[in-house]
1. Using helices alone, what [θ] at 222 nm do you get for the chain, with -39,500 (n - 2.57) per DSSP H run of 4 or more residues, divided over all residues and rounded to the nearest 500?
2. To the nearest 20 debye, what is the magnitude of the charge dipole of region 13-65 about its Cα centre, counting +1 on the Cβ of each Lys and Arg and -1 on the Cβ of each Asp and Glu?
3. Return an integer: the convex hull volume of the alpha-carbon atoms of the chain, in Å³ per residue.
4. Taking the simple approach of a point 7 Å from Cα along Cα-to-Cβ for both Arg20 and Ala45, what is their distance in nm?
Amino acid sequence: MLHASKFICLIIAALLVSERSAYAYLDAGTGSMILQAILAGVAGAVVLVKVFWQRFVAFFSKDKTPKNKE
């Protein structure tokens, strides 16, 4: 299994190193879509942290019981 993962990493590294010219065009719509995906990822991370903040704090605190807001 370890041998296969090294082989896969070697293939990926070889593909990243060998570059060719890509005669491609990125229009404004593509840039807007990339920006929207980045902003959605940031917003999702913020919501995830907000939802699980108490569990995160409880994991790193000495008191292992999460505090309920009731």
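1. For the chain, the value works out to -24500 deg cm²/dmol.
2. 380 debye
3. 177 Å³
4. Modelled inter-label distance: 3.4 nm.
Values in this text are rule-based calculations from the coordinates and carry no lab data. What you are looking at is a predicted structure, and each value in this text was computed from that prediction instead of being measured. We place every Cβ from the backbone using ideal geometry, glycine too, and count neighbours over all the protein chains shown.
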